[in-house]
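Comments concern the structure below.
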Amino acid sequence: MTATAPITQDLVTIPRKLPEGPVNLVGLTRPQLREALLAAGTPEKQVKMRVNQIWQWIYQWGVRDFDSMTNLAKAYRAQLAERFVIEVPEVVSRQVSADGTRKYLVKIAGGHEVEVVYIPETDRGTLCISSQVGCTLTCSFCHTGTQKLVRNLTAGEIVGQIMLARDDLGEWPEQGAPKDETRLLSNIVLMGMGEPLYNFEGVRDAMKIAMDPEGISLSRRRITLSTSGVVPEIAKTAEEIGCLLAVSFHATTDEVRDKLVPINKRWNIETLLGALREYPRLSNSERITFEYVMLKDVNDSDADARRLVKLIQGIPAKINLIPFNEWPGAPYQRSDWSRIEAFADIIYKAGYASPIRTPRGEDIMAACGQLKSATERARKSRAQIAAETGLG
Ligand code: SF4
């Protein structure tokens, strides 16, 4: 696999003259919202206040219609309703696991579908969100990697995942939601479908909206972006987003990592670690998380554990061991638990926190990218059969 050039999307630049058809306000940054309101005829001297008011209605109160924005004049609300909409992705299916994990399959523009997973824990509630339909990359242990990239999600489709989960959790103030850590949706991980750093602008704008104190108000330290190693974009994550960083590491030699995470052929382990040692926000209070999927007889030996510790020496880090979630046709098996515990023990004794990630929602196939592919495959085969047999 050759790591293709980053795909950027310039979908969200709003010219003074509004495009045909209603513009969705969800996903516009504050400057873009300002431009849109001016283009829709909002007087210059009022626009700053209008931006704040509308921003709070959408992101603090979760309002989806202009009529409910009672601190705006009726005529102005009507004017807004003519030019704008407030939309989030549509929930196509929702599954709840016996352990409380919720999985949403959501539809976005173009009829594409992505998945979103909510994982409740005693001290937090984490939403795993997607940044691409399919993925630019083809990591061989990942089901999403078997789905070719369709497109990047817009900032609206990314922040919209947070909003639809809050709807489902009843987490808007009207519904009596607290603003502090006790809320149900307290953490975000960009570990769903896609490589977030190959959609940098979309992810950056969406996370800025999510962190804005006048709206969803999520602390940057409760947002973790996981990358497979798009080296040129790593420092920008610290400078322009400021969230925590995780790396899909998964191997301790280039030979093995080339197979598991093919982007390694472009930026190998040494280059990646070099970029992480220069990470602008590196500190003991903001450690980088090294994600390590445990694959039987592939990357789970004691030698691997010792090599891993040696490789990351000097980097404030924690290591997340992920028991592999098998999916139909997967070329790997999960390591035995005794092997995972032995591996964790070596890392722990070397001074690193090495939590083993508890698989969640297995009864609803909560493994990354599983739900999406199921939908995709079913539709194709029936359509293909119809096309092939002409029995449409
Ligand atoms: S692990 Fe991440 S980057 Fe790799 S194929 Fe899966 S979604 Fe894409």
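Structure note, pairs 296/349; 48/208; 208/310; 265/296: Cα-Cα distances above 27 angstrom occur for 208/310. On a full-extension model of 0.36 nm per residue, what is the gain between residue 265 and residue 52, subtracting their alpha-carbon distance, rounded to one decimal in nm? Gain on extension, residue 265 to residue 52, equals 72.1 nm. Charge tally for residue 268 (other residues, Cβ to Cβ under 11 Å; Lys, Arg +1; Asp, Glu -1): -1. Computed over the alpha carbons of the chain, Rg followed by Dmax gives 22.0, 70 Å.
Relative contact order of the stretch 277-362: 35 percent, from C-alpha pairs under 8 Å at least 6 residues apart in sequence. The residues neighbouring residue 281, those whose beta-carbon lies less than 13 Å from its own, together hold a net charge of +1 under the Lys/Arg +1, Asp/Glu -1 convention.
Derived scalar couplings between HN and Hα for the stretch 77-87 equal 4, 5, 4, 5, 5, 6, 10, 10, 10, 10, 10 Hz in order, rounded to whole Hz, by the Karplus curve 6.51 cos²θ - 1.76 cosθ + 1.60 (θ = phi - 60°), x for Gly and Pro. For the stretch 134-247, carbon and sulfur atoms together expose 52% of the accessible surface, with a 1.4 angstrom probe and every protein chain in place.
Once the Cα-Cα distance is subtracted from the 0.36 nm per residue extended length, the residue 61 to residue 122 segment shows a gain of 19.4 nm.
Karplus-based coupling profile of the stretch 338-346, in residue order and whole Hz: 4, 5, 4, 5, 5, 4, 4, 5, 4, with θ = phi - 60° in 6.51 cos²θ - 1.76 cosθ + 1.60 and x standing for Gly or Pro. In the elastic network of the chain, a GNM with C-alpha springs shorter than 10 Å, the most mobile of 24, 320, 71 is 71. Amide H contacts under 5 Å for residue 84: 23, restricted to partners 5 or more places along the chain or on a different chain, H placed in the peptide plane at 1.01 Å from N.
The long axis of helix 30-39 is offset from the longest Cα principal axis of the chain by roughly 30 degrees.
Summing Lys and Arg as +1 and Asp and Glu as -1 over all other residues whose Cβ lies under 11 Å from the Cβ of residue 233 gives a net charge of -2. If you line up the long axis of helix 44-59 against the longest principal axis of the chain, both from Cα atoms, how many degrees apart are they, to the nearest 10? Here the helix axis deviates by roughly 50 degrees.
Over the Cα atoms of the stretch 42-147, the radius of gyration divided by the Kirkwood radius equals 1.11; this is the Rg/Rh ratio. Among the trypsin sites (Lys or Arg not before Pro) found in the stretch 80-145, those both in a DSSP coil and sparsely packed, with 16 or fewer other Cβ atoms within 10 Å of their Cβ, are 124. FRET efficiency for the residue 73 to residue 217 pair, using the beta carbon distance and R₀ = 30 Å, is estimated at 0.65. Distance between the C-alpha centers of the stretch 26-103 and the stretch 278-357? Whole Å please. After rounding, the separation between the Cα centres reads 42 Å.
Measuring only protein heavy atoms, the 1.4 Å probe finds residue 231 accessible over about 30 Å². Per-residue ellipticity at 222 nm computed for the chain from its helices equals -10000 deg cm²/dmol, with DSSP H segments shorter than 4 residues left out and the rest contributing -39,500 (n - 2.57). Simple point charges give the picture: +1 on the Cβ of Lys and Arg, -1 on the Cβ of Asp and Glu, and for the stretch 23-85 a dipole about the Cα centre of about 160 debye.
Taken about its Cα centre, the chain carries a charge dipole of roughly 560 debye when the Cβ of each Lys and Arg holds +1 and the Cβ of each Asp and Glu holds -1.
Put simply, the amide H of residue 151, placed in the peptide plane, has neighbours under 5 Å in 133, leaving out anything fewer than 5 places away on its chain. Carbon-plus-sulfur fraction of the accessible area of the stretch 23-85, 1.4 Å probe, in percent? In the stretch 23-85, the share of accessible area belonging to carbon and sulfur is 55 percent. Compared with the alpha-carbon gap, the fully stretched path from residue 148 to residue 307 is longer by 54.0 nm at 0.36 nm per residue. Given in Å, the Rg to one decimal and the Dmax to the nearest whole number for the Cα atoms of the stretch 23-85 are 10.3, 26. Per residue, the accessible area of the chain comes to 44 Å², computed with a 1.4 Å probe over protein heavy atoms only. Among the GluC sites (Glu not before Pro) in the stretch 105-214, those located in a DSSP loop and surrounded by at most 16 other Cβ atoms within 10 Å of their own Cβ are 121, 181, 214.
Under a 5 Å amide H cut-off, with hydrogens placed 1.01 Å from N, residue 246 pairs with 225, 226, 227, 289 among residues at least 5 apart or on other chains. Solvent-free Debye calculation, one equal scatterer per alpha-carbon of the stretch 177-326: log10 I(q)/I(0) at 0.09, 0.17, 0.19, 0.22 Å⁻¹ equals -0.30, -0.99, -1.19, -1.48.
The values are calculated or read from the model by the stated rules, or taken from the named source; none is laboratory data. Keep in mind that what you see is a predicted model, and the values were worked out from it rather than measured. Cβ atoms come from the backbone with ideal geometry, glycine included; neighbour counts cover every protein chain shown. These area figures cover heavy atoms from the full protein model, side chains too; ligands, DNA and RNA do not enter into them. Shrake-Rupley method; radii C 1.70, N 1.55, O 1.52, S 1.80 Å.
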